[in-house]
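These notes are about the structure you will find just below.
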């Protein structure tokens, strides 16, 4: 009797220790579907692959063939079955799919409200091929093109983002504000809005700049709602890219919760690894990134100024963090935290359509103010405001002259044709100047100008998110000049440090 009791207890313990599927969630997006199996324990699995119209995954240490609650639907995944594997404590997960697909499976650890998960990402090959097809390039039209703003509604799909105490999902707030901002932009002559996601589905943060690039955007605005353990925290903030560590604890937290992407983005597709072009790669990236960071900072300041009219500001100056969604070197980008969804009173405001409209209005006014001041040269706004087109001249080159290959020349021209501060880098120094800038008529005029410039010596107090290369770009000097003028032994500068500008 004692033997059978012990044997029964052992079998019961083994049974209890086995993993279980609690639920299954389907999250479709335009070209793929994510299938999430919620489990009681860490999954031990193997992606067998695809046989016919079935994707098969083996899941070990599991006895039950129950799928639990099934939510969501997808045109790509027709059915999900569970089959017991004979002679083993394991099952086969069988997904019936339509059309040609690629698939990958991976495990995710517990986080926030989720436990252990087995994730299967299934991509529709036909739709993915359409997405990957070469996009039409911008053509210069005599009447000028529209300024394209890419609006990125944060989170989506299986990722709800922050969740307020009363159950408000960040992904719903961000999408509502994004739609209102889109409507405002599309009503404005000379502007066009596009969305990185058009429904409730997930896009990796590192892929969102790629979507903006495919849509030929001049600016990427990512919309979020903040959260903190301190329920009293409140107010909006605007974030810009920092290539160094984040300047605040909140920034560090944001960096840790986001998937980072390669800095090169789409530029690497154009710059080939040939002997003639190697030396251009870093110059083009530095040039383009410096312009994007500088323009992003200017837009952030403009947006904050208008947000201050409709809501409390958590930070009055742009904040800096190394966030993947901001890392496109060729697209100026900002991330707008519209408020703290973890604050009960602010949660109520954020889910209010009237407050969402006020926030959208403020963001739109900030964007409009910036682009009327500094429109891209080939746009209708540039023609309307009479802004002079910019040309590129190279001076002080320390490198041998070499012809630019067509593809690379296109990237350089695209990067420097946008108005903004003078962009200079070590090596070949590339300068933006107005196309019809007249030279001083005589030496006395030149001497007078030099005397005036000397009398008005400039200084700059370093702000959050600024680097030596960014300031060199902004003031039209080289980094070497800044280092020499300020007796700097390296490129490291500190917030609050006062620099003298040559």
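Scanning the stretch 204-233 for residues that are surrounded by 20 or more Cβ atoms within 10 Å (Cβ to Cβ) and modelled with pLDDT of 90 or more yields a count of 9. Going by the conditions given, is residue 94 in contact (Cβ under 8 Å) with a residue 24 or more places away in the chain, under 16 Å from residue 68 (Cα atoms) and in a strand (DSSP E or B)? Spelling it out, residue 94 is indeed in contact (Cβ under 8 Å) with a residue 24 or more places away in the chain, under 16 Å from residue 68 (Cα atoms) and in a strand (DSSP E or B).
Inside the stretch 471-490, can you point out the residues that are at pLDDT 75 or above and either part of a helix (DSSP H, G or I) or closer than 20 Å to residue 240 by Cβ (or both)? Hits for the stretch 471-490 are 471, 472, 474, 475, 479, 480, 481, 482, 483, 484, 485.
Those strands (runs of 3 or more DSSP E) of the stretch 24-84 in which 1 or more residues are surrounded by 14 or more Cβ atoms within 10 Å (Cβ to Cβ) occupy 32-39, 45-51, 54-60, 77-84.
One residue stands out in the stretch 296-315 among those that are in a helix (DSSP H, G or I) and over 18 Å from the mean Cα position of the chain (by Cα): the one that is nearest to residue 241 (Cα to Cα), namely 301.
Would you list the strands (runs of 3 or more DSSP E) that sit entirely within the stretch 99-185 and hold 1 or more residues that are within 30 Å of residue 57 (Cα to Cα) and modelled with pLDDT under 90? Before the answer, list the steps.
Values: elements: 101-108, 116-124, 147-153.
In the stretch 99-185, 101-108, 116-124 are the strands (runs of 3 or more DSSP E) which contain 1 or more residues that are within 30 Å of residue 57 (Cα to Cα) and modelled with pLDDT under 90.
Would you check which residues across the stretch 151-160 are touching a helix residue (DSSP H, G or I) at 6+ places or on another chain (Cβ under 6 Å) and crowded, with 20+ Cβ neighbours inside 10 Å and list them?
If we filter the stretch 151-160 for residues that are touching a helix residue (DSSP H, G or I) at 6+ places or on another chain (Cβ under 6 Å), which is where we start, we get 151-156, 160.
Hits for the stretch 151-160 are 151, 152, 153, 154, 155, 156.
Being at pLDDT below 90, surrounded by 15 or more Cβ atoms within 10 Å (Cβ to Cβ) and either assigned by TED's automatic domain parsing to the domain that holds residue 159 or touching a strand residue (DSSP E or B) at 6+ places or on another chain (Cβ under 8 Å) (or both), is that true of even one residue in the stretch 85-93? The answer is no; no qualifying residue exists. Among residues that are in the same structural domain as residue 240 (by TED's automatic domain parsing), modelled with pLDDT of 90 or more and within 21 Å of residue 190 (Cβ to Cβ), residue 314 is not included.
In the stretch 444-465, which residue that is at pLDDT below 75 and within 29 Å of the chain's Cα centre (by Cα) is farthest from residue 242 (Cα to Cα)?
Filtering the stretch 444-465 down to residues at pLDDT below 75 leaves 444-457, 464-465.
Going one step further and asking which of them are within 29 Å of the chain's Cα centre (by Cα), we end up with 464-465.
Details: 464: 9, 465: 5 Å.
So, considering only residues that are at pLDDT below 75 and within 29 Å of the chain's Cα centre (by Cα), the one farthest from residue 242 (Cα to Cα) is 464.
If we keep just the residues of the stretch 491-502 that are surrounded by 13 or more Cβ atoms within 10 Å (Cβ to Cβ) and either at pLDDT 85 or above or over 14 Å from residue 462 (Cβ atoms) (or both), which is nearest to the chain's Cα centre (by Cα)? Spell out how you get there, then give the answer.
Kept after step one, since they are surrounded by 13 or more Cβ atoms within 10 Å (Cβ to Cβ), are these residues of the stretch 491-502: 493, 497, 499, 501-502.
Applying the additional criterion that residues be either at pLDDT 85 or above or over 14 Å from residue 462 (Cβ atoms) (or both) yields 497, 499, 501-502.
Numbers: 497: 29, 499: 31, 501: 32, 502: 34 Å.
By that ranking, first place goes to 497.
The values are calculated or read from the model by the stated rules, or taken from the named source; none is laboratory data. What you are looking at is a predicted structure, and each value in this text was computed from that prediction instead of being measured. As a convention, Cβ positions derive from the backbone with ideal geometry for all residues, glycine included, and neighbour counts pool all protein chains shown.
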